[in-house]
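Okay, structure first, notes after.
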Amino acid sequence: MTNRLYPLTLALLLVGAACKDTPFEVSSQTVRANSSEISVMTQNLYVGADVDLVIRALGTPDPGDDFPALQLAIETVAKTDFPARAQAIAAEIARRLPDAVGLQEVSRINIDLRPLGAPFVVDQDFLALIQAALADRGLNYQVAATSDNINVSLVGGLVRLVDHDALLVNADRVSVNAASGQDFSVNLGQVAQGVVLIRGWVFARTTIDGRAVTFASAHTESNLAGAPPGLLEQIRAAQVGEMVATLGAGEPIVLMGDLNDTPGSPMYGVLAAAGFTDTWTAMHPGAGAAGLTCCHVADLSDQLANFDQRIDYVWTRGFARDDGKAQGSIDRFGDVPADRLPGPAYPIWPSDHAGLVAALDKLPDR
């Protein structure tokens, strides 16, 4: 997805206190994979506004366009209401009961501008909201690992934003043997005064029904206006290459996330060359099954998903047969109108990205 985090800390987060839980109806039908399947879900949570407009406004010499851009971002975050969206995402997890859930853009927001005379106080933790919504449904999902992607402190520490990746596991079925969250060694680094873009990833080596499987999730570098041609593509390839090298060979691996690049990119080539299978392509052969995942409009008001990018993935190694075919299923969440939920002003989508939910058959004995 596009780079939406830096200016957000100063602008759109001011309305976090206005966000509230919104009642909605969800299906109680559970479609859990059978006991011989390994199932996963990956979901970019979405901070809540398209901050590219703010970036452009702050970058112009005209200070008169700053406030309108900031005001629009603030209004958009109020409309996209993350606490309500967290409930919808938790409801989908409850319906699917995946063994592991990879989450991206997991934000921790702290803002208190009362010392400056502004009545804005925000304390919003995306991960805590998701976990609370899962607990309310009687589910036992534990955090296996997190990584800190971006950590920004502005206005003397009165405005703070920490962006995470997080990996949750179904503790009723999955035993975690080892887990870690870490930064990539290749990153853009400092791109503006006080702004350092660092990405990371998370993984857990687990046992399920006596069989070993490793789960990994990442949010590789996003697009950045003005970057030299080809630079970001090479950074993303290096980042997934680091994951492949660290995970090594051995037990089956599920590698998922918002990888921010399309089929045919260097990133895609690194994973394919390392023996990973693109699960969507394997289970939906043919040019007509594009599996697009991005993106809804910034305020999540679009009635139909007009996606034009496939940048969210579930990759596997050790699940496909020798002929490259994979058994199981993979579907999108947040791409059909039935997935929308009531928002403060109109129905909204659970995120600007579709999530992916995959069930993988015939896990090999190792």
(request) Filter segment 231-252 for residues that are under 21 Å from Val40 (Cα atoms), touching a residue at least 40 places away in the same chain (Cβ under 8 Å) and either open to solvent by less than 10 Å² (accessible area, probe 1.4 Å) or of a type in the set (Asp, Glu) (or both) and give the result. (result) Met243, Leu247, Glu251, Pro252
(message) So in segment 253-306, with the set limited to residues that are among the acidic types (Asp, Glu) and touching a helix residue (DSSP H, G or I) at 6+ places or on another chain (Cβ under 6 Å), which one is least open to solvent (accessible area, probe 1.4 Å)?
(response) Asp261
(message) Being within 24 Å of Gly210 (Cα to Cα) and either aromatic (Phe, Trp, Tyr) or not in a helix (DSSP H, G or I) (or both) is the filter here; which residues of segment 228-261 pass it?
(response) Gly248, Ala249, Gly250, Glu251, Pro252, Ile253, Val254, Leu255, Met256
(request) Scan segment 205-224 for residues that are touching a Lys or Arg at 6+ places or on another chain (Cβ under 8 Å), closer than 24 Å to Arg310 by Cα and either open to solvent by 30 Å² or more (accessible area, probe 1.4 Å) or not in a loop (DSSP other than H, G, I, E, B) (or both) and jot them down. (result) Thr214, Ala218, His219
(request) List every residue pair whose Cβ atoms sit under 7 Å apart, with the two residues 6 or more apart in sequence or on different chains, where the first one lies in segment 86-102 and is under 14 Å from Asp339 (Cα atoms) and the second, anywhere, is open to solvent by 10 Å² or more (accessible area, probe 1.4 Å) and assigned to a helix (DSSP H, G or I). (result) Ala86/Leu129
(request) Would you mind finding the one in Ala338, Ala358, Ala290, Ala282 that is in contact (Cβ under 8 Å) with a residue 24 or more places away in the chain and either closer than 29 Å to Ala49 by Cα or part of a loop (DSSP other than H, G, I, E, B) (or both)? (result) Ala358
(request) Among what's in segment 86-120 and is under 14 Å from Pro350 (Cα atoms) and among the charged types (D, E, K, R), pick the residue that is surrounded by the most Cβ atoms within 10 Å (Cβ to Cβ). (result) Glu105
(request) Filter segment 107-122 for residues that are within 14 Å of Pro83 (Cα to Cα) and either in contact with a Gly (Cβ under 8 Å, 6 or more places away or on another chain) or modelled with pLDDT of 95 or more (or both) and give the result. (result) Ile109, Val122
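The values are calculated or read from the model by the stated rules, or taken from the named source; none is laboratory data. Only a predicted model underlies this, so the values are computations on that prediction, with no experimental measurement involved. A quick note on method: Cβ atoms are made from the backbone with ideal geometry, for glycine too, and the neighbour counts reach across all protein chains shown. In case anyone asks, the SASA skips ligands and DNA or RNA and just uses the protein heavy atoms, side chains included. Shrake-Rupley method; radii C 1.70, N 1.55, O 1.52, S 1.80 Å.
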